[in-house]
Every structure is written in structure tokens, then in C-alpha cells.
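Notes follow once the structure below has been shown.
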Amino acid sequence: MTFEYKVQGGDFTHAGYASSQVKKMLKQLGVDNTVIKRVVVCLYEAEVNIVAHAWDGIISIVLDTDSIFMKLTDNGPGIADIEQAMQKGYSTASPEVREMGFGAGMGLPNISANADRFLITSQPGKGTSLEITINLNSIAV
Amino acid sequence: MGNIGKMKLEEICSALNGTMVCGEDKAYREVTHAFASDLMSDVLTVNCNSLLLITGLANMQTIRTAEMSDIECILFVRNKSVTPEMKNLADELGMTLITCPLTMFRASGELYKAGIKPLF
């Protein structure tokens, strides 16, 4: 099964809608709760990142019998130094984003900790792409 | 105030002079642990069932973060107000929202004294 969601930069009112839909779907399919939580934490952090940093983005979900693959591609400023962005505590978030309870430099490390496979690529001035895979039949991170 | 280490949501509300904004029909639910933070990324790192979130951050992302974290009750401190949009979403998700006039430190202290445990 494949699904696609559009995400609008700056729209904090609707941030989390795609993650919420995916959570409901996985619950309906009877996926283990621990695995669902890892999926939605990854997806929600990544969705909020698009809202916080990019102009817009697309979330593509490919749901297989034994894994979920999530690709988030945005049009935005991109990340010049990915290694630095992956460090806990590093953030370029605006004061507005911090007021929403994010922007403490924990999102990407959080995704990395919960994903079975995580790939991040970026072109400064164009945008960022995240590829996250989680095995649905494994509980341990 | 109920058994040590376990409190019903209605007991929490009354102990903190709070108001139950929504989810009154689930006031019988019990919590054993609480986590206090205004940083949603911190909340997304915790892993516990029957957890109460204590926060001074009142916006839509507080509700969404609780949803992603399987948290069924949020206690808003410092008289933070819940918007109709937040209430609607919480209702839809079956959450209980409580507001109270106490500071986060005071609310956490009262619940700790009553036996609610920290996560770590």
C-alpha cells in the first residue's frame, strides 16, 4: 500500500496530521504498539521538521507486510552540514518553532534512535530528503 | 487521595484545584507515572503506559505529541487555557485535559507527595 501527504511549511495547526493518519492505520492493521510508537515518533519529528524549516514537502509511505518505508522530501533551505545537524542539541529553529515545543536539536537524533534504517540527504538551497524504514515485526530498536 | 502510587484523574484534578476541560467520562482512569516538560521532543523520547503529561505548553502540538506518545491525559499548569481546536482534537482522540492554577514545580511536588512516580 502506498500513501502520500502534502505538508505546508509554517502550518503548525495541522502539523502531525499525516502521522496521526498513519498511526490509526497501523493500529487497525494490528501492528505491535511498541513498533507503532517508533514509527510515529520518527514520522512526527520529520513532519514537524518540514513545517518548521521548509516551504513545503511531501510524505510518501510504502507499507509492506513486514516493513514501513517513509520518505519525506521538502523544498527548503536544506542542510549544509548534516553531521552537525545530527548532533543532539544543535538546531537552527526560529523562536516561533521553539515556542511550539520543538527546536531543541533532538528531532533528527530521535529519528535515528527509533529507525531501523535512516538516510538523510540534502542540497543546500533546494531541500532535504529523509528515508526511514522500520521493520514491523521487530520490537527492539 | 487513592492508593499510593496510583491516582484517578478526578483525584488529580481535585488535589490540584484543577478543572477538567474534556474527557470527564474517563475521569476514573488511573495514572502511576508523570513526566513534566515544555519540550515536546523530550516527551517523544519517553516510553511508559498510564503516563500523565504535566506541561505549561498549550497548543495543538501538545495534543499531537501526546497522541504520538500514547499519553491519555495532559495536565496544563500555570492557568494555561485550552483552545476550542485543542479541545476538539483531544475529544476526538479520547484524551482527558485538566488545567490547574499551580506552577509546574508545585503541581509536580503535590503529585509526587501523593505517590505518583517519576519515569527516571
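Of note:
- Count of segment B:68-92 residues which are of a type in the set (Ser, Thr, Tyr) and either in contact with a Pro (Cβ under 6 Å, 6 or more places away or on another chain) or more than 12 Å from B:MET20 (Cα to Cα) (or both): 2
- A:LEU136 meets all of the listed conditions (1) free of Cβ contacts under 8 Å to residues at least 12 places away in the same chain; (2) closer than 23 Å to A:TYR17 by Cα but one, namely (1).
- Selection of first residues in segment A:68-81 that are more than 14 Å from A:SER129 (Cβ to Cβ) and of second residues that are surrounded by fewer than 16 Cβ atoms within 10 Å (Cβ to Cβ), restricted to Cβ pairs under 8 Å at least 6 apart or on distinct chains, gives the following pairs, ordered by first then second residue: A:ILE68/A:VAL62; A:ALA80/A:PRO124.
- Restricting the first member to segment A:93-112 and to residues that are among the basic types (Lys, Arg), and the second to residues that are in a helix (DSSP H, G or I) and modelled with pLDDT under 90, no beta-carbon pair is closer than 6 Å while six or more apart or on different chains.
Condition check ((1) assigned to a helix (DSSP H, G or I); (2) more than 14 Å from chain B (Cβ to nearest Cβ); (3) surrounded by 14 or more Cβ atoms within 10 Å (Cβ to Cβ)) across all residues:
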| residue | (1), (2), (3) |
| --- | --- |
| A:GLY10 | no, no, yes |
| A:GLN21 | yes, no, yes |
| A:GLY30 | no, yes, no |
| A:VAL35 | yes, no, yes |
| A:TYR44 | yes, no, yes |
| A:ILE59 | no, yes, yes |
| A:LEU72 | no, yes, yes |
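The values are calculated or read from the model by the stated rules, or taken from the named source; none is laboratory data. Owing to the predicted nature of the structure, the values given are computational and were not obtained by experimental measurement. Using ideal geometry, Cβ is built from the backbone for each residue, glycine included, and neighbour counts are taken over all protein chains shown.
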